[in-house]
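Undergrad: Okay, handing you the structure first.
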Amino acid sequence: MYTDLELFNPQLFAENSETEPLNLFRNVLKNGHMVLKDRFQASKNAINYVNQRAWLIDQVLTNAWQKYCGDIDPDTIALIAVGGYGRGELHPYSDIDLLILLKEPLEDTSQIEKLVIFLWDIRLDIGHSVRTLEECEQEATADITVATNLMEVRLLTGSEKLFKTMQTKTAPIWPIKKFFAAKIEEQTQRHQKYDDTADNLEPNIKEGPGGLRDIQMIGWVAKHHFGATTLHDLVEHGFLTEKEYQILQEGQRFLWEIRCLLHLAAGRHEERLLFDFQRTLAEAYEYQDDEDGLGVEKLMRQYYRTIKKMNTLNDMLLQLFQEAILYTNTPASVYKINKRFQIRNNFIEAIHDKVFLIYPFALLEIFLLVQEYPQVKGIRATTIRLILHYNYLIDSIFRQDLRSRSLFIEIFRQQQGLTHALRQMNRYGVLPAYIPEFGKIAGRMQYDLFHVYTVDQHTLFVVRNLRRLFLPQHDNEFPFCSKISKNIPKPELLYLAGLFHDIAKGRGGDHAKLGEADAINFCKQHDLSDSDARLVGWMTRNHLLMSTTVQRQDISDPDVIKTFAYQIEEPSHLDYLFLLTVADIRATNSKLWTSWKESLLTDLYHKTHALLHQGQGYVLNKQLHIQDIQKEARILLNRLTFNAKINKLWKDLGDEYFLCSSPKDVAKETKAILTHKDANAPLVLERSATKGGTEFIMIYTQDKDHLFAETSYFLEQQNLTIIDAYIIPTQGKYTISGYTVVEENGQELQSKERVVEILQGLEQALICDNDSSFDPITRRIPRQIKHFSVPTQVNFTQDHINNHTIIELITTDQPGVLSRIAQVFVSCEVRIKRAKIATFGTKAEDIFFITDYENHALYSPEQLACLSKELTESLDENMPTT
């Protein structure tokens, strides 16, 4: 019997029995926690920690039981550890699950109630149930979770006969086939909650794919079907090799270490590897920041690679279980495909265990065959084992083999199964072996809130998103993209660009340019034509071009469209790039893709498409464009008789207003301005049918220096986010401005009442005199921001043609940031003409087009220095810190 006098000394405990019970038990737990923590910090031996803590809690519970329930007939009751505690495994803040088993219902439960209250009072986080034998049987029958928990039980004290009777009654309740099917469905649903990937920025180490719950799942099935008491029993039953068992054990050991460290760092039961603790854990593993990356990125890479191995073993074992449980005594249905592979019970397998040794190219062929035979549900577990074993054959000679090169490209040309094939190739090590550059991004995280997946998982999601655009069953998701996809002559080139677009991440330098070289070389090595290779390379190099154009430039300006179209070169390039851009954004972060962003990209596409289809002799003329807008607006205004007033107003508004307004907007706002009764009061309007679920607010008011500051302050007070803005001074004493806004969470304003309230409130705010001083906006700052503070950077460029200065401002995105920027502009006597607002995780990258109060560009070094200094001080002093 295990004894640990440092952890719990029964003699010392008995000598102090006269001490007030709460203090006595709390001190035992406090001392035990410190002893275990010190031991773990010295050795990082998580196995010892979880076993020793379970033993400590055993001593505490049995002594507490003796104190409160010791006079209950021991033949009629039992205290039982269940779940993880039943396995004898307790991490620092794991729940302590207990079953109080009764032979018959108790008439007086006060002693049990006092025990439970006492356990809570000594700060044990217990989960308990009180059941009779009959109730255990009923609950286990109704709920597989209960049945699973009752498989992992230990008697702590009480009736051993009662305990064993409960085991006997509950063990056979779920037949193995039904139990296995239910656990598979349970795991599938659990994995789907995490996008079927463990490669998230803040992964759940217990519930996510490849996590501790998957290892437990293997143990439950093995115990139910084989009576296995340890994972090593699977080696004896022929389901694992000794090497695979060691990988499984090593993976569990590492995850247990991570979990112990995580609990201790959090000081609570925490299963998510949050940013709050990642750096602490990286330091515990002595990972350092250097030219190879941040220490935290190295830790997470080890984590992701471990999880990948666990995921593969889980796949393989569950499939072996499936064969042993579901298909046992079932005649095998075998269909021979060729001399290397056959289909057995809808799973493809190698005909013999030397197939890959004799025919190395078959390491790629098998994935192509899975695509070509839709009835195949997957690769048989024994063949997965062979693939993992023979991966070493994928070397430079293998890559030069014409058969290998042809097979790889053919996988990309198939009409179905590409996403599944690439995922399996990545999971089983074939993809990183065949493309070594891809192996370098496997498990590589980017320590920010913009990229929510590792680079390799993001890449596979991009290819998945692209593939869905070509499948008729997904036409309703993005109808416009699906329409464009029908114009793509060679989809495989698009998929290859998706595979290579981020392949040079982490190498230093411009990853798009480096990736372009990799993509072209790869395509030429695989016998694609020069033009196809250049197209894949072009897409790889320019995969950010479209998104940066809509985020940083004014796409209502014809000159911007002309410059962009020049870079695109031809219409087919536009189609390819548009689809790649949409797929890339959606695979980076689900919060990035909004209907507003979709509308901007679509608008850029249509304008560029029109220009490219006019031919080289066509010139996009700004004045002709304005005249067309005014002509259509006049048709909508034909019932009004004040043409002279219209002409005067339109001349006063200037060209910029018409470039960012539709004919319908111009007609509506012209009528509103000309019929506005109080010329001294601001006119605040909502534009109808705004883009992408946003709200557009138009303001026509007398010009004043603090207009942007007052407006942005009010809108941010209303928990709105400004995503685009312009302020156009008229030739008279007025200013017309527009603000595109969404709710703080990025969603559109949900009710008409909310819109009316904002319009009326903004009008009143602009009427009131303001001394240009504003109280700070206080809103809850998201937890993650403090880990990703971005030092403020201010860069100036001069636009001599349009006579304004452009500020590129990079800073931490946080509540009230835009109004603080606006207040600095006021103090430095700067006027805003247009603002482009973009957010990347916690990083705000905003572009402001500014002038002085005389509407001229800022050339004074003193004024530019004032701006840079005050912006930096104002924004960095409010920066959240860890």
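The values are calculated or read from the model by the stated rules, or taken from the named source; none is laboratory data. Keep in mind that this is a model prediction, so the values were computed, not measured. No Cβ is skipped: glycine too gets one built from the backbone with ideal geometry, and neighbour counts run over all protein chains shown. Ligands, DNA and RNA are excluded from the accessible area calculation, which covers all protein heavy atoms including side chains. Shrake-Rupley method; radii C 1.70, N 1.55, O 1.52, S 1.80 Å.
Undergrad: Is there a residue in segment 272-286 that is β-branched (Val, Ile, Thr) and open to solvent by 50 Å² or more (accessible area, probe 1.4 Å)?
TA: yes
Undergrad: Select from segment 624-643 the residues that are open to solvent by 80 Å² or more (accessible area, probe 1.4 Å) and at pLDDT 80 or above and list them in ascending order.
TA: Of everything in segment 624-643, those that are open to solvent by 80 Å² or more (accessible area, probe 1.4 Å) and at pLDDT 80 or above turn out to be Leu624, Gln627, Asp628, Lys631, Glu632, Arg634, Ile635, Leu636.
Undergrad: Being hydroxyl-bearing (Ser, Thr, Tyr) and part of a helix (DSSP H, G or I) is the requirement here; does Thr711 meet it?
TA: yes
Undergrad: For residues that are under 25 Å from Gln66 (Cβ atoms) and of a type in the set (Ser, Thr, Tyr), tally how many sit in segment 142-167.
TA: Qualifying residue count for the region: 3.
Undergrad: Could you say whether any residue in segment 217-224 is within 21 Å of the chain's Cα centre (by Cα) and under 30 Å from Tyr373 (Cβ atoms)?
TA: The answer is no, given that none of the residues of segment 217-224 is within 21 Å of the chain's Cα centre (by Cα) and under 30 Å from Tyr373 (Cβ atoms).
Undergrad: Next question, about the same structure. State all residues of segment 688-701 that are within 20 Å of Leu604 (Cα to Cα) and at pLDDT 80 or above; if no residue qualifies, say none.
TA: Glu695, Phe696
Undergrad: Six or more apart or on different chains, Cβ atoms under 9 Å: show the pairs whose first residue is in segment 330-356 and more than 11 Å from Gln375 (Cβ to Cβ) and whose second is open to solvent by 70 Å² or more (accessible area, probe 1.4 Å) and small (Gly, Ala, Ser).
TA: Close Cβ pairs satisfying both conditions: Arg344/Ser333.
Undergrad: Every residue in segment 458-473 that is surrounded by fewer than 16 Cβ atoms within 10 Å (Cβ to Cβ) and either at pLDDT 95 or above or not in a loop (DSSP other than H, G, I, E, B) (or both), please.
TA: Pro472, Gln473
Undergrad: Say we look at segment 867-882 and pick out the residues that are open to solvent by 40 Å² or more (accessible area, probe 1.4 Å) and modelled with pLDDT of 85 or more; which of these is nearest to Ser827 (Cα to Cα)?
TA: For segment 867-882, the residue satisfying everything is Glu870.
Undergrad: Within the set of pairs 6+ apart or on separate chains, which have a first residue in segment 280-309 that is within 14 Å of Ile258 (Cα to Cα), a second that is open to solvent by 70 Å² or more (accessible area, probe 1.4 Å) and of a type outside the set (Gly, Ala, Ser), and C-beta atoms under 7 Å apart?
TA: Taking only residues 6 or more apart or on different chains, the pairs are Val296/Arg279.
Undergrad: Hey, among the residues in segment 312-342 that are open to solvent by less than 30 Å² (accessible area, probe 1.4 Å) and touching a Lys or Arg at 6+ places or on another chain (Cβ under 8 Å), which one's modelled with the highest pLDDT?
TA: The extreme case among them is Gln342.
Undergrad: Please go through segment 343-359 and give me each residue that is buried (at least 20 other Cβ atoms within 10 Å of the Cβ) and under 18 Å from Met425 (Cβ atoms), ordered by number.
TA: Residues satisfying the conditions are Phe347, Ile348, Glu349, Ala350, Val355, Phe356.
Undergrad: Of the numbered conditions (1) in a helix (DSSP H, G or I); (2) open to solvent by less than 30 Å² (accessible area, probe 1.4 Å), Gly443 satisfies every one except a single condition; which is it?
TA: Only one criterion is unmet by Gly443, namely (1).
Undergrad: Let me ask something else. Is there a residue in segment 509-520 that is among the β-branched types (Val, Ile, Thr), free of Cβ contacts under 8 Å to residues at least 60 places away in the same chain and surrounded by fewer than 18 Cβ atoms within 10 Å (Cβ to Cβ)?
TA: No: zero hits.
Undergrad: Looking at Phe408 and the list (1) open to solvent by 10 Å² or more (accessible area, probe 1.4 Å); (2) in contact with a His (Cβ under 9 Å, 6 or more places away or on another chain); (3) of a type outside the set (D, E, K, R); (4) at pLDDT 95 or above, which single condition is not satisfied?
TA: (1)
Undergrad: I need a count of the residues in segment 202-229 that are open to solvent by 20 Å² or more (accessible area, probe 1.4 Å), assigned to a loop (DSSP other than H, G, I, E, B) and free of Cβ contacts under 8 Å to residues at least 60 places away in the same chain.
TA: Qualifying residue count for the region: 2.
Residues checked against (1) open to solvent by 50 Å² or more (accessible area, probe 1.4 Å); (2) not small (Gly, Ala, Ser):
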site	(1), (2)
Glu656	yes, yes
Pro663	no, yes
Glu669	no, yes
Gly732	no, no
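Undergrad: Now, a different point. Does segment 475-494 contain any residue that is open to solvent by 40 Å² or more (accessible area, probe 1.4 Å), over 24 Å from the mean Cα position of the chain (by Cα) and on the phi > 0 side of the Ramachandran plot?
TA: Within segment 475-494, none of the residues are open to solvent by 40 Å² or more (accessible area, probe 1.4 Å), over 24 Å from the mean Cα position of the chain (by Cα) and on the phi > 0 side of the Ramachandran plot.
Undergrad: At pLDDT 85 or above, assigned to a helix (DSSP H, G or I) and not small (Gly, Ala, Ser): does that describe Leu685?
TA: When the stated conditions are applied, Leu685 does not pass them.
Undergrad: Residues of segment 816-846 being among the β-branched types (Val, Ile, Thr), touching an Asp or Glu at 6+ places or on another chain (Cβ under 6 Å) and closer than 21 Å to Met698 by Cα, which ones?
TA: Residue satisfying the conditions is Ile837 alone.
Undergrad: Tally the residues that are surrounded by 15 or more Cβ atoms within 10 Å (Cβ to Cβ) and either in contact with a Pro (Cβ under 6 Å, 6 or more places away or on another chain) or closer than 28 Å to Arg427 by Cβ (or both), restricting the search to segment 160-180.
TA: Matching residues across segment 160-180 total 3.
Undergrad: Which residue is nearest to the chain's Cα centre (by Cα), if the candidates are limited to segment 30-46 and must be over 16 Å from Leu5 (Cβ atoms) and part of a helix (DSSP H, G or I)?
TA: Restricting to residues being over 16 Å from Leu5 (Cβ atoms) and part of a helix (DSSP H, G or I), the top hit is Ala46.
Undergrad: Counting just the residues of segment 181-201 that are among the polar types (S, T, N, Q) and either open to solvent by less than 50 Å² (accessible area, probe 1.4 Å) or part of a loop (DSSP other than H, G, I, E, B) (or both), which one comes out nearest to Gln446 (Cα to Cα)?
TA: Top of the filtered list is Asn200.
Undergrad: Quick one: which helices (runs of 4 or more DSSP H) lie wholly within segment 506-560 and hold at least 2 residues that are more than 27 Å from Ser661 (Cα to Cα)?
TA: Once the helices (runs of 4 or more DSSP H) in segment 506-560 are filtered for at least 2 residues that are more than 27 Å from Ser661 (Cα to Cα), what remains is 511-525, 530-541.
Undergrad: Can you tell me which of (1) in a helix (DSSP H, G or I); (2) open to solvent by less than 10 Å² (accessible area, probe 1.4 Å); (3) not hydroxyl-bearing (Ser, Thr, Tyr) is the one Asn63 doesn't meet?
TA: Answer for Asn63: the failing condition is (2).
Undergrad: A further question on this structure: Across segment 363-384, what is the number of residues that are closer than 12 Å to Met425 by Cα and part of a helix (DSSP H, G or I)?
TA: 8
Undergrad: Quick one: which residue in Asp584, Asp603, Asp575 is modelled with pLDDT of 85 or more and surrounded by fewer than 17 Cβ atoms within 10 Å (Cβ to Cβ)?
TA: The conditions single out Asp603.
Undergrad: Okay, moving on. Any residue at all in segment 368-376 that's open to solvent by 30 Å² or more (accessible area, probe 1.4 Å), under 24 Å from Leu240 (Cβ atoms) and not β-branched (Val, Ile, Thr)?
TA: no
Undergrad: Also, I was wondering about something else. What number goes with the only condition from (1) over 23 Å from Leu29 (Cα atoms); (2) crowded, with 18+ Cβ neighbours inside 10 Å that Glu107 does not pass?
TA: For Glu107, the exception is condition (2).
Undergrad: Does segment 377-392 contain at least one residue that is surrounded by fewer than 21 Cβ atoms within 10 Å (Cβ to Cβ), farther than 23 Å from Ile247 by Cβ and out of contact with any Cys (no Cβ under 7 Å at 6 or more places or on another chain)?
TA: Yes, some residue in segment 377-392 is surrounded by fewer than 21 Cβ atoms within 10 Å (Cβ to Cβ), farther than 23 Å from Ile247 by Cβ and out of contact with any Cys (no Cβ under 7 Å at 6 or more places or on another chain).
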